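Q: One structure is given below, represented as structure tokens, and several questions about it will come after.
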Amino acid sequence: MKTILRSLLMTLLLPFAAAAEEPPYTPAPENLANREWFQDAKFGLFVHWGVYSVLGVEEWVMQKNEIDKATYEKVASFFNPVEFDADEWVRMAKGAGMQYITITSKHHDGFAMFDSKHTDWDIVDRTVYGKDVLAQLAEACRKHGLRLFFYYSQLDWYQDDYYPRGWTGQFSGRPDQGDWDAYIDFMNAQLTELLTNYGPVTGIWFDGWWDRKEANWRLRETYDLIHRLQPGTMIGSNHHLAPKPGEDFQMFEKDLPGHNTAGFSGEASVGQLPLETAETMARFWGFSLQDKAYKPADELIRYLVRAAGYNSNFLLNVGPMPNGKIQPEFVATLGAIGDWTERHGESIYGTRGGPIPPQNWGVTTHKDDRVFVHVLDWQQDTLLIPNLDRPIQRVRSFPDGAALDWEVTEFGTLLRLPPSSGGPDRVIEVTSVTER
Ligand code: FHN
């Protein structure tokens, strides 16, 4: 009887004891520096690429089409991206005004897009192509000065040791047994490869924790491992909750921070960490042949600007085709966004959201002694904004520099707006008297 009571108490109290003992996480100086860089960078390319692209449905095809593991393995033998050109991807991203690339090193189907020594379910061992695409992308990023992040799925529909299973992966045909801790060890081993073999990795973008919310993921062990290997690496996890100890940035899926129109952010209170909003250019993340829900460039530019107004980055996704090319619709849209960032980028890069919180007419961003008023949804030729906390020296339309009238009243500051050019964002630059 005593032993039953003791073991019951242990199982009940253990999680609390473990949590209670966790030492506080103190980010290293290089991590804090990367957080500043990240918030200045504002705009990144998300890449969902894997063997699922061969089927041209979406990245969840193994689950949605209930494809068992043995059958799905054949798909890898069809994956041969001979037209993949990492340099071309990086130049496309840079041309759009993006400062970093976050690519899926492993998605839920467990397939490693890199040369992993811990499984043969990877691009080197299982495809005709046989080359490590992450290595090529890392080199191209270094060459063109873009930073690299790796998306890594904690959820895995392939590994037998991902057991007990979660609410997905039930069609994979794996044996009804496995060793969960061995799976965590496997993950840590692969993360060690990613943080050892590809040079500086600015961030890890975890996803899939939500498949087994009650499981002991040994998160802190994994986070500490990453920070030991590269202290500057920023960890973020798309668990749709408030940040956990050891994390360095917080992402929101298909929503601005604090919003929940897409249904992923119900429990996600906005924390104090750098923020990022991830969005698709059409409907799906992975390549989808029939997916024509293309978002216009202007809509995506306004999303980028709104995110900056919410003090958040914007991570815009492409799902490359199985031949390694980015589909022309996405290339064209990224080109159009690049035309805007080329001329207006100054009003978002290096800024922080505010000082005026997001409004129905738009948002503001600021840096040094300048506030950028981004008029996104307002057709009038004047706009009343709350008074700023420093005297205004000059108001101009940005980037053409045409001087604009303004009047400070007790109700707010009335700005004379330039005529709308029909563009996605009328940017007003308000320069305050520099405090000496
Ligand atoms: O299931 C994934 C999905 O495939 C995709 O990776 C997105 C990206 O944010 N995250 C998950 C859905 O929440």
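The values are calculated or read from the model by the stated rules, or taken from the named source; none is laboratory data. All values derive from a computational prediction rather than experimental measurement. We place every Cβ from the backbone using ideal geometry, glycine too, and count neighbours over all the protein chains shown. These accessible areas exclude ligands, DNA and RNA; they are computed on the full protein's heavy atoms, side chains included. Shrake-Rupley method; radii C 1.70, N 1.55, O 1.52, S 1.80 Å.
Q: Which residue, of LEU45, LEU14, is at pLDDT 70 or above and not hydroxyl-bearing (Ser, Thr, Tyr)?
A: Details: LEU14 fails: at pLDDT 70 or above.
From the options LEU45, LEU14, the qualifying one is LEU45.
Q: Would you point out the residue of region 46-56, among those that are out of contact with any helix residue (DSSP H, G or I) (no Cβ under 7 Å at 6 or more places or on another chain) and hydrophobic (A, V, I, L, M, F, W, C), that is surrounded by the most Cβ atoms within 10 Å (Cβ to Cβ)?
A: Pass one, region 46-56, residues out of contact with any helix residue (DSSP H, G or I) (no Cβ under 7 Å at 6 or more places or on another chain): 46-50, 53, 56.
Next, only the ones that are hydrophobic (A, V, I, L, M, F, W, C) stay: 46-47, 49.
Values: PHE46: 26, VAL47: 24, TRP49: 28.
Per the criteria, the residue is TRP49.
Q: So in region 232-259, with the set limited to residues that are in a loop (DSSP other than H, G, I, E, B) and acidic (Asp, Glu), which one is farthest from the ligand (Cβ to nearest atom)? Spell out the reasoning first.
A: Filtering region 232-259 for residues in a loop (DSSP other than H, G, I, E, B) gives 232-233, 238-249, 254-259.
Now restrict to residues that are acidic (Asp, Glu): 247-248, 255.
Numbers: GLU247: 16, ASP248: 17, ASP255: 11 Å.
If we take residues in region 232-259 being in a loop (DSSP other than H, G, I, E, B) and acidic (Asp, Glu), then ASP248 is farthest from the ligand (Cβ to nearest atom).
Q: One residue is enough: does region 280-294 have a residue meeting the conditions within 12 Å of the ligand (Cβ to nearest atom) and touching a Leu at 6+ places or on another chain (Cβ under 7 Å)?
A: Within region 280-294, none of the residues are within 12 Å of the ligand (Cβ to nearest atom) and touching a Leu at 6+ places or on another chain (Cβ under 7 Å).
For every residue, the table says whether it meets (1) open to solvent by 30 Å² or more (accessible area, probe 1.4 Å); (2) out of contact with any strand residue (DSSP E or B) (no Cβ under 6 Å at 6 or more places or on another chain); (3) in contact (Cβ under 8 Å) with a residue 60 or more places away in the chain; (4) not in a strand (DSSP E or B).
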site	(1), (2), (3), (4)
ASP40	yes, yes, yes, yes
GLU66	yes, yes, yes, yes
GLU73	yes, yes, no, yes
VAL82	yes, yes, yes, yes
MET98	no, no, yes, yes
THR102	no, no, yes, no
SER105	no, no, yes, no
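Q: Give the residue that is nearest to the ligand (Cβ to nearest atom), with candidates limited to residues of region 198-223 that are in a helix (DSSP H, G or I) and of a type in the set (D, E, K, R).
A: Applying the first criterion (in a helix (DSSP H, G or I)) to region 198-223 yields 209-212, 219-223.
With the extra rule that they be of a type in the set (D, E, K, R), the set shrinks to 211-212, 220-221.
On the way: ASP211: 9, ARG212: 14, ARG220: 22, GLU221: 23 Å.
In this case the residue turns out to be ASP211.
Q: Given (1) touching a helix residue (DSSP H, G or I) at 6+ places or on another chain (Cβ under 8 Å); (2) away from the ligand (no atom under 15 Å from the Cβ); (3) under 26 Å from GLN290 (Cα atoms), where does ILE103 come up short, assuming only one miss?
A: Condition not satisfied by ILE103: (2).
Q: Just the residues that are touching a residue at least 12 places away in the same chain (Cβ under 8 Å) and either assigned to a helix (DSSP H, G or I) or crowded, with 24+ Cβ neighbours inside 10 Å (or both), please, taken from region 115-130.
A: From region 115-130, those touching a residue at least 12 places away in the same chain (Cβ under 8 Å) are 115-119, 121, 123, 126-129; that's our starting set.
Those that are touching a residue at least 12 places away in the same chain (Cβ under 8 Å) and either assigned to a helix (DSSP H, G or I) or crowded, with 24+ Cβ neighbours inside 10 Å (or both): ILE123, ARG126.
Q: Can you confirm whether LYS244 is modelled with pLDDT of 95 or more, within 24 Å of GLY50 (Cα to Cα) and open to solvent by 10 Å² or more (accessible area, probe 1.4 Å)?
A: Numbers: modelled with pLDDT of 95 or more: yes; within 24 Å of GLY50 (Cα to Cα): no; open to solvent by 10 Å² or more (accessible area, probe 1.4 Å): yes.
Considered against the rule, which asks whether it is modelled with pLDDT of 95 or more, within 24 Å of GLY50 (Cα to Cα) and open to solvent by 10 Å² or more (accessible area, probe 1.4 Å), LYS244 comes out as no.
Q: Test VAL90 against the criterion of being within 16 Å of the ligand (Cβ to nearest atom) and open to solvent by less than 10 Å² (accessible area, probe 1.4 Å), and give yes or no.
A: Working: within 16 Å of the ligand (Cβ to nearest atom): no; open to solvent by less than 10 Å² (accessible area, probe 1.4 Å): yes.
No; evaluated as a whole, the condition is false for this residue.
Q: Here's something else I'd like to know. Given the conditions (1) farther than 16 Å from ALA93 by Cα; (2) open to solvent by 10 Å² or more (accessible area, probe 1.4 Å); (3) free of Cβ contacts under 8 Å to residues at least 40 places away in the same chain, which single one is not true for THR277?
A: The failed condition is (2).
Q: Name the residue, out of ALA20, ALA70, that is over 27 Å from the mean Cα position of the chain (by Cα) and either modelled with pLDDT under 95 or among the aromatic types (Phe, Trp, Tyr) (or both).
A: Testing whether each residue is over 27 Å from the mean Cα position of the chain (by Cα) and either modelled with pLDDT under 95 or among the aromatic types (Phe, Trp, Tyr) (or both) leaves just ALA20.
Q: So GLY145 clears everything in (1) over 22 Å from GLY44 (Cβ atoms); (2) surrounded by fewer than 19 Cβ atoms within 10 Å (Cβ to Cβ) except one condition, right? Which one?
A: Condition not satisfied by GLY145: (1).
Here's the yes/no breakdown for (1) assigned to a strand (DSSP E or B); (2) among the β-branched types (Val, Ile, Thr); (3) under 30 Å from the mean Cα position of the chain (by Cα):
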| site | (1), (2), (3) |
| --- | --- |
| THR341 | no, yes, yes |
| GLY345 | no, no, yes |
| HIS374 | yes, no, yes |
| GLN393 | yes, no, no |
| GLU407 | yes, no, no |
| PRO424 | no, no, yes |
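Q: In region 131-166, which residue that is in a strand (DSSP E or B) and in contact (Cβ under 8 Å) with a residue 60 or more places away in the chain is nearest to the ligand (Cβ to nearest atom)?
A: TYR151
Q: Show the residue pairs that are 6+ apart or on different chains and have beta-carbon atoms under 7 Å apart, the first residue being within region 408-424 and open to solvent by less than 20 Å² (accessible area, probe 1.4 Å), the second being of a type in the set (A, V, I, L, M, F, W, C) and assigned to a loop (DSSP other than H, G, I, E, B).
A: Hits for this filter: THR413/LEU388; LEU415/LEU404.
Q: Would you be able to say whether some residue in region 131-139 is among the β-branched types (Val, Ile, Thr) and in contact with a Leu (Cβ under 7 Å, 6 or more places away or on another chain)? Outline the logic, then answer.
A: Applying the first criterion (among the β-branched types (Val, Ile, Thr)) to region 131-139 yields 133.
From what is left, the residues that are in contact with a Leu (Cβ under 7 Å, 6 or more places away or on another chain) are none.
Among the residues of region 131-139, not one is among the β-branched types (Val, Ile, Thr) and in contact with a Leu (Cβ under 7 Å, 6 or more places away or on another chain), which makes the answer no.
Q: Please identify the pairs in which a residue from region 193-215 that is under 23 Å from LEU45 (Cβ atoms) and polar (S, T, N, Q) has its Cβ atom under 8 Å from the Cβ atom of a residue that is open to solvent by 20 Å² or more (accessible area, probe 1.4 Å) and outside any loop (DSSP other than H, G, I, E, B), counting only partners at least 6 apart or on another chain.
A: Sorted first by the residue in region 193-215, then by its partner, the pairs are ASN197/ALA135; THR202/ASN34; THR202/TRP37; THR202/ARG147.
Q: Among the residues of region 358-388, which ones are buried (at least 20 other Cβ atoms within 10 Å of the Cβ) and either among the polar types (S, T, N, Q) or touching a Cys at 6+ places or on another chain (Cβ under 8 Å) (or both)?
A: THR364, THR365
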